[in-house]
Each structure stands twice: as structure tokens, then as C-alpha cells.
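I have placed the structure first, in the form of C-alpha cells, so that the comments after it can refer back to it.
The values are calculated or read from the model by the stated rules, or taken from the named source; none is laboratory data. Fair warning: this is a prediction, and the values are worked out from it, not measured in the lab. Here the Cβ is made from the backbone with ideal geometry for all residues, glycine too, and neighbour counts use every protein chain on show.
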Amino acid sequence: MRGRLTGGMLSGSVVLVALGIGLGSAEAQNTLPWAETAVELRDRALADNIAYEIVEGLTLFGPRLAGTDADHRAAAWGAERMRGLGFENVRIEEFPLLVWTRGEERGEIVSPYPQPLVVTMLGGSPATPLEGVEAEAVLFETWQELLDAPEGSLTGRIAVVLQPTPRTQTGSGYGSVSQIRFQGPAEAEARGAVAFLMRSLGTHDRRSANTGSTRMGVGIPSFAMSPPDAEQLVRVARHGPVRLRLVGLPPDPVQGHTQNVIGELVGRERPDEVIVIGGHIDSWDVSPGALDDAAGIGITTAAAKLIAELPVRPRRTIRVVWWGAEEVSQPEGGLAGARHYAETQDELGQIPDHVIASESDFGAGLIFSLNLPPGMADTELAREAMRILAPLGIHFDSAPALSGGPDVIPLVRLGVPAFRLNQDGTDYFDYHHTPDDTIERIDPARLDQNVAAWAALLWLIADSDIDFRR
């Protein structure tokens, strides 16, 4: 047995509770006890599950930038793995994508104190000339200062935004500054800048730059630098005007394709009523994306697999989706895989059959709270869920879930309810979109706690007849 959670939660001394139902004791039964089965799923997940194995298998493919060979091979492996785990209706659904790939990149301070900078190009950025872009830098302490700069004030210069990312448990700090990366190059170009450089959206202090998407096709080369380099740039600027040189040589984007990978556990009584869960299969090209988002795929797939091992299927269908192209913000608006899935289901007239949806896409930190759809706070489901999840250190947040994660957004816009199992992301942005997003960042015991929460809650939802749309 692997190491178990301690500190007020289920510990290593916990043995599976004898509930009198036994996961293999329902030979002739057509049902299983509702809440008691959720408890047993929770405890079985803490004792043994396949989440870490799935994370390891997916990260063996290395970086999985959408549309690349590694992305395609990982998807083929995922479909085969799902079939081997007993999922039904397993399929790979392809869709077109402009594929951006990284080329040579570097940055340096030319004067007054020449030195290299640790930089990375933002995904979707156009290339610099072969010799790079060299110009005087204009430093903005905050994003708002750039927005306040008048038209023409940056002509022939490099715009540099130095605003740091606040560290928060929920990721709201990242949300407060993410528009710098998405909109910064366009705003800088509108004021005459020839290139854009920002302090990368990370909460760490290593000389490692966080990449991420900007808007595809924006006309000026765009880069992020490590937080220590941003601090160094401020110190250098105290001694006079700063001149920078930035080189980034990605090839022109090419037309290609990527895919979603889908598998199901078909419900025994209401097979057309679908619960959608999953994570995204692609990662940035700088790391194997263990936290973002092999972990989410491992958590949700392992939770569904535990339910598949029950002697009786839940009433409703559980559909696991490994969404493609979550990271790249193209076509305009991003979430290409999520949009393809939602639009396809809408065209088939199957959106009304989607009962509820959620995604795991925030690493592998401990889950600390649960949000249910509007109107669900004072219900038997909420009460039972919290009785079962509380020993895992999870509390009920009565605020309604209005989104279930990035890849669920297109479904929510079409009227599908969502739930959230909220993870502790205090250190998530130390590794997010950096070369350090590797499997060493994952604590197996914390991963198990996630699977335990997902498996228990999924059973409660899937074996119920609750109309979450009410």
C-alpha cells in the first residue's frame, strides 16, 4: 500500500471498512446501496488506484504540443489504454488545427550592462528577423500603465510589463494577470512597439520562464522572461536607458490536426443521460506536462475505472474526455478541443442529454472544497457528499458552480450544469508552463485523495435521478 494521507484525514492505518455490501457481492442484484457504495469507492481509491500509472504513461511521450507527433501518439496510446481498462465506445475524434512550433529563442540586455536573459516565446508569436529585434526598452510596472500609454508612445521600442503574479490557493492571482499574456502584444503593437516582453506568469523565483499562448497572428514578436530576470531588468534600468535584443525564430504555422479521446461507462438504466469528466491531453512543448494536465487525466480516468469495477454500473453514463488543444489559443478564443466536442454534440442534438460536467485541470494538489450547481446546496446529494468527503479534508462551498474548468466552458455556455472539486493550487504556478512540470512534482498520496473524492462524488451523481438543470 502506498503512503496515505495524514493530519486529520484518512491515514495509513485505515483498512477498508466492512460495510456489508462487498464490491463483488451483488451477483444477482441490479442495484447497489447509494451512499454506502460511495464510501467504499472513496476508501478503495485511497488504498489503490491507477491514476499515477496513467500520469506516468502519458508523460513518457514527453511534451505533447497540440498537433505534433507526440500529441498524436499519446492520443493513440490513450484510446488503447481506455479499451484495456474496460471503457466502451472508445474513439478518437480529430479536428483541424494550425500547428505552431517553437524555434531558436534568446534574449539579452545590450546596454548599459550587457548580459543574457532567460526568455521564452509566447505560443503563437510571429518570428523576429534572423538577427532579432534590437531596441530601447520601455518598462511598465503594471499592465494598467501600458494601457494608459498614449498611441505612438512606443514607436520603435520594446514594451516590457513587469507585473508579478500573486500566489493564491485558488488560482485567482493568475486569473488577475493572464490578460497581460493574451492581450499585451496587441496593446503594445497598437502603441507602436516592435516587440513585447513580460514577466512570465509564474509565482516562483527560479530562472525559468513560463510560456503560454498569446493571440495567434499578432504582428509583433512576444516573449516572457523569468521572474529573476524581470527583477534584474529593474535594477539595471536604475542606471540609465536599457537596450534589449530579442531573437525568436519559430517556423510559420502549418495546417494540421489534433484530437479528443473519448471513452464511456454506459449506464444501466439511463444510458442516454451523460456525465462528462476529464482533462486535457496536450501540454506545452517545454515539459511533459505532468501537472498540466496529465494529472487531471489520471485522476478522472482512475475514478471512472473504480466505478467500472463495481458489480453493477451506475444508472447514468459516465463519459471521460481527454480534450485536445486546450493550451493553444487558436482558433480565436482557444479551447479548440472543447469547442469541437460541444459543437459536435450540439449538432447531434445531444446537449440536453448532458446531465452535468466537470474537468480536473489544476495539478495534483489536495481537493479542499466542493461546489455544486445552483439550487443544490440544501439537498440530500449535498448532505451525503459532504458526509463522505469531509474525512478527506473537503468542505462544502455553498456558492454555486458556474464553471467546471476550461474545457467545460463551451458546454456550460450551451446550458450544461457544472460542478467543481477545487484543488489547492498554492504552488501550482511555480511549475505551470515551465520545464519543471514533471512527474517529480506529483505526490502520489495527494493524487489518491483526488481520485477518492472524484470516485465517490461521481457515483452519487451517476446513480441518482437528480435533474441538475432545475
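Given the structure, is LEU411 part of a helix (DSSP H, G or I), surrounded by fewer than 24 Cβ atoms within 10 Å (Cβ to Cβ) and aliphatic (A, V, I, L, M)? For LEU411, the condition - part of a helix (DSSP H, G or I), surrounded by fewer than 24 Cβ atoms within 10 Å (Cβ to Cβ) and aliphatic (A, V, I, L, M) - is not met.
When the criteria are applied in full, PHE429 fails the requirement of being part of a loop (DSSP other than H, G, I, E, B), of a type in the set (A, V, I, L, M, F, W, C), out of contact with any Lys or Arg (no Cβ under 6 Å at 6 or more places or on another chain) and farther than 11 Å from ALA364 by Cα. Which members of the range 166-221 meet the condition of being within 21 Å of TRP100 (Cβ to Cβ), in a helix (DSSP H, G or I) and of a type in the set (A, V, I, L, M)? The answer is ILE180, ALA186, ALA188. Of the numbered criteria (1) among the hydrophobic types (A, V, I, L, M, F, W, C); (2) part of a helix (DSSP H, G or I); (3) modelled with pLDDT under 95, the one LEU306 fails is (3).
Screening the range 374-391 for residues that are out of contact with any Leu (no Cβ under 7 Å at 6 or more places or on another chain) and surrounded by 17 or more Cβ atoms within 10 Å (Cβ to Cβ) and picking the one that is nearest to SER464 (Cα to Cα) gives MET376.
Does GLU326 count as among the charged types (D, E, K, R) and in a loop (DSSP other than H, G, I, E, B)? Full working, then the answer.
Numbers: among the charged types (D, E, K, R): yes; in a loop (DSSP other than H, G, I, E, B): yes.
Judged against the criteria, GLU326 is a match.
Just one of the listed residues (LEU310, LEU335, LEU306) is in contact (Cβ under 8 Å) with a residue 40 or more places away in the chain and at positive phi, and it is LEU335. Set side by side, the residues THR155, THR142, THR170 differ, and just one is of a type in the set (S, T, N, Q) and touching a residue at least 40 places away in the same chain (Cβ under 8 Å), which is THR170. Scanning the range 222-248 for residues that are in a loop (DSSP other than H, G, I, E, B) and closer than 27 Å to ASP293 by Cβ turns up just one, SER226.
For the range 144-181, which residues satisfy the criterion of being over 30 Å from ARG420 (Cα atoms) and touching a helix residue (DSSP H, G or I) at 6+ places or on another chain (Cβ under 8 Å)? Write out each step before concluding.
Let us first name the residues in the range 144-181 that are over 30 Å from ARG420 (Cα atoms), namely 144-162.
Across the range 144-181, the qualifying residues are LEU146, LEU147, GLU151, LEU154, ALA159, VAL160, VAL161, LEU162.
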